[in-house]
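The values are calculated or read from the model by the stated rules, or taken from the named source; none is laboratory data. This one's a predicted model, so the numbers in the text were calculated from it and none came from an experiment. Glycine gets a Cβ as well: all are built from the backbone with ideal geometry, and neighbour counts include every protein chain shown.
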Amino acid sequence: MFKDKASGLRESRPALNRMMAQARSGKFDVVRVTHEDRLVRFGAKWIADLLARDEVAVRVLHAKGSAGGMDELLSDFMSLVASFAGRMYGIRGRAAKERLLAKAAARVSEDDRVPE
């Protein structure tokens, strides 16, 4: 089993990289996922094509479109919202770190002042 934590929000996918390497070396011939977005958020066809070159099939238990066009549209929209939300959390986290570092730098500058 290959599992990346919070993988839809990051480009770093160590487990996906391991899976692709093992597929190239012929360690398995089928990749099974419950939903397509469990494999990759976007570009599932591209990944499936890469795996097919190594004679590895992708089997999706709940394929897109099996519940109708509206379900597929909603799924795509939710993927976009999740991706956007993850980026917003990242931006907020970086801004908070920058504010904390600025406060610490100001405090250090005050502590380094020579008393008159």
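Summary table
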item	result
Among the candidates Glu116, Glu55, residue that is modelled with pLDDT under 90 and of a type outside the set (A, V, I, L, M, F, W, C)	Glu116
Residue under evaluation Glu72, criteria (1) modelled with pLDDT of 80 or more; (2) out of contact with any helix residue (DSSP H, G or I) (no Cβ under 8 Å at 6 or more places or on another chain), criterion not met	(1)
All positions within the range 14-30 that are closer than 26 Å to Val81 by Cβ and touching a residue at least 12 places away in the same chain (Cβ under 8 Å)	Ala15, Leu16
Qualifying positions in the range 32-62 - hydrophobic (A, V, I, L, M, F, W, C) and under 18 Å from the mean Cα position of the chain (by Cα)	Val33, Leu39, Val40, Phe42, Ala44, Trp46, Ile47, Ala48
Subset of the range 1-27 that is part of a helix (DSSP H, G or I) and at pLDDT below 80 - its residue that is farthest from Asp76 (Cα to Cα)	Ser7
Long-range neighbours under 6 Å by Cβ, at least six apart or interchain, first residue under 18 Å from Phe42 (Cβ atoms) within the range 83-102, second surrounded by 10 or more Cβ atoms within 10 Å (Cβ to Cβ)	Gly86/Leu9
Given (1) at pLDDT 95 or above; (2) among the aliphatic types (A, V, I, L, M); (3) touching an Asp or Glu at 6+ places or on another chain (Cβ under 8 Å), index of the condition Val30 fails	(3)
Residues that are surrounded by fewer than 16 Cβ atoms within 10 Å (Cβ to Cβ), among the aliphatic types (A, V, I, L, M) and touching a residue at least 12 places away in the same chain (Cβ under 8 Å), drawn from the range 34-59	Leu50, Ala57
